[in-house]
Amino acid sequence: MPRRTSDQLKGRHAIVTGGGGGIGAAIAYALAVRGARVTVMGRTLSSLRFVAGALPGARAIVVDVTNQRSVRSAFAKAGPADVLVNNAGAAESAPFERTSAALWERMLAVNLTGAFHCTAQVLPRMRAAGWGRIINIASTAAHKGYPYVTAYCAAKHGLLGFTRALAIETARTGVTVNAVSPGFTETDLLADAVQKIVAATGRTAEQARAQLLRDMPHGRFVTPVEVAAAVLWFCLPGAGGVTGQARLVDGSPSPQPLMPAHP
Ligand SMILES: NC(=O)c1ccc[n+]([C@@H]2O[C@H](COP(=O)([O-])OP(=O)(O)OC[C@H]3O[C@@H](n4cnc5c(N)ncnc54)[C@H](OP(=O)(O)O)[C@@H]3O)[C@@H](O)[C@H]2O)c1
């Protein structure tokens, strides 16, 4: 069991989608060691149980975020949440001409519509309580284009638009809505991307990783713990004045403010 390092989130219930591994598991851990009671959600019960089993008081609940009925049922089981991290996602790639309507729909469903379904389940209670934190895990692909992932890029750009618009709607409610945008991060998703490049180009895995690293100014991939640290920050006391923002975790300085000033 991890040692609790502070009680800053004591009494808060945090739901992390896609919490069965990778970035989501690191986020669950970071919130739990600050005292939050965490519920991890995803499609694979065994991996959710593995993560929840290591965190005091944590629960594992199966959900498919693309299915509204599944989301309603999972969130009803989980109970009211103070923190929602919309982290569940997937990144299928294909050149645009080979991007089928089905692939397009899958990417929008899991990376964008899933966040809509989950947020709809928690926002009314957060508004009523006068406190809530919603953090959407976007991507550098929410800020710029990459080849062969038009659907993923469109979905993540959409997630950022969703973040900014909802932040304005909730600005006076005590609920903040922010995004964290990782660059390439060491998880299964990155391993899949490397394998895809190997299969498509005949390069070695090392060459494929070197190709992706060209996009990382600090010359290495991000770690899930670094992404989790950014998510945690939005939940800590003192972050209540920050909403509608996207925090890049990609080793580069943000070129410009991502949200225009409120009129
Ligand atoms: N790794 C990177 O380089 C990188 C970079 C930028 C942004 N991101 C974003 O970071 C987030 C986490 O990705 P990761 O790198 O940690 O990848 P990952 O290890 O593949 O994790 C994705 C998680 O989402 C869950 N998931 C997928 N489809 C789901 C669905 N329909 N309903 C519920 N859960 C679902 C998966 O669990 P099940 O399969 O068990 O459902 C898995 O736990 C994603 O939103 C991703 O787009 C990752």
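The values are calculated or read from the model by the stated rules, or taken from the named source; none is laboratory data. What you are looking at is a predicted structure, and each value in this text was computed from that prediction instead of being measured. With ideal geometry, Cβ positions are generated from the backbone for all residues, glycine too; neighbour counts draw on all protein chains shown.
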Residues (touching a residue at least 60 places away in the same chain (Cβ under 8 Å), buried (at least 22 other Cβ atoms within 10 Å of the Cβ) and out of contact with any helix residue (DSSP H, G or I) (no Cβ under 8 Å at 6 or more places or on another chain)) located in segment 213-244
PHE234
Could you please let me know if ALA115 is assigned by TED's automatic domain parsing to the domain that holds ALA30, outside any helix (DSSP H, G or I) and either small (Gly, Ala, Ser) or within 14 Å of the ligand (Cβ to nearest atom) (or both)?
no
What pairs come up if the first residue lies in segment 104-129 and is over 11 Å from ALA151 (Cα atoms), the second is away from the ligand (no atom under 15 Å from the Cβ) and modelled with pLDDT of 95 or more, and their beta carbons are under 6 Å apart, counting only those six or more places apart or on different chains?
VAL122/ALA81; ARG125/PRO80; MET126/GLY132; MET126/VAL175; ARG127/THR173
Conditions (1) in the same structural domain as ALA81 (by TED's automatic domain parsing); (2) closer than 17 Å to GLY22 by Cβ; number of the one not met by LEU189
(1)
Being among the polar types (S, T, N, Q) and either free of Cβ contacts under 8 Å to residues at least 24 places away in the same chain or within 13 Å of GLY89 (Cα to Cα) (or both) is the filter; apply it to segment 130-148 and report the residue that is surrounded by the most Cβ atoms within 10 Å (Cβ to Cβ).
SER139
Looking at the structure I just gave you, is GLU105 over 22 Å from LEU248 (Cα atoms), within 13 Å of the ligand (Cβ to nearest atom) and surrounded by fewer than 16 Cβ atoms within 10 Å (Cβ to Cβ)?
yes
Please report, ordered by residue number, the helices (runs of 4 or more DSSP H) entirely within segment 1-84 with at least 3 residues that are among the aliphatic types (A, V, I, L, M) and over 19 Å from PRO224 (Cβ atoms).
68-78
Kindly list, by first and then second residue, each pair from a residue in segment 187-198 that is over 15 Å from VAL149 (Cα atoms) to a residue that is part of a helix (DSSP H, G or I), limited to pairs with Cβ atoms under 7 Å and residues at least 6 apart or on different chains.
THR187/GLY22; THR187/ILE23; THR187/PRO224; ASP188/GLY22; VAL198/ALA205; VAL198/ALA208
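Only one of these is closer than 24 Å to LEU166 by Cβ and either touching a strand residue (DSSP E or B) at 6+ places or on another chain (Cβ under 9 Å) or crowded, with 21+ Cβ neighbours inside 10 Å (or both): ALA60, ALA78, ALA90, ALA25. Name it. Talk me through it step by step, then tell me what you get.
Details: ALA60 fails: closer than 24 Å to LEU166 by Cβ; ALA90 fails: either touching a strand residue (DSSP E or B) at 6+ places or on another chain (Cβ under 9 Å) or crowded, with 21+ Cβ neighbours inside 10 Å (or both); ALA25 fails: closer than 24 Å to LEU166 by Cβ.
ALA78 is the lone residue from the list that is closer than 24 Å to LEU166 by Cβ and either touching a strand residue (DSSP E or B) at 6+ places or on another chain (Cβ under 9 Å) or crowded, with 21+ Cβ neighbours inside 10 Å (or both).
Looking only at residues in segment 1-41 that are more than 16 Å from the ligand (Cβ to nearest atom) and hydroxyl-bearing (Ser, Thr, Tyr), which one is modelled with the highest pLDDT? Lay out the reasoning, then the answer.
Let us first name the residues in segment 1-41 that are more than 16 Å from the ligand (Cβ to nearest atom), namely 1-13, 32-37.
Imposing the further condition that a residue be hydroxyl-bearing (Ser, Thr, Tyr) reduces the set to 5-6.
On the way: THR5: 72, SER6: 80.
Top of the filtered list is SER6.
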For THR44, state whether it is within 16 Å of the ligand (Cβ to nearest atom), buried (at least 19 other Cβ atoms within 10 Å of the Cβ), polar (S, T, N, Q) and in contact (Cβ under 8 Å) with a residue 12 or more places away in the chain.
no
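Quick one: in segment 155-164, of everything that is of a type in the set (A, V, I, L, M) and touching a strand residue (DSSP E or B) at 6+ places or on another chain (Cβ under 9 Å), which residue is surrounded by the most Cβ atoms within 10 Å (Cβ to Cβ)?
First, the residues of segment 155-164 that are of a type in the set (A, V, I, L, M): 155, 159-160.
From what is left, the residues that are touching a strand residue (DSSP E or B) at 6+ places or on another chain (Cβ under 9 Å) are 159-160.
Details: LEU159: 28, LEU160: 22.
Among those that are of a type in the set (A, V, I, L, M) and touching a strand residue (DSSP E or B) at 6+ places or on another chain (Cβ under 9 Å), it is LEU159.
Working carefully through the options THR163, THR176, find the one that is among the hydroxyl-bearing types (Ser, Thr, Tyr) and either part of a strand (DSSP E or B) or away from the ligand (no atom under 16 Å from the Cβ) (or both).
Details: THR163 fails: either part of a strand (DSSP E or B) or away from the ligand (no atom under 16 Å from the Cβ) (or both).
Unique residue meeting the criteria: THR176.
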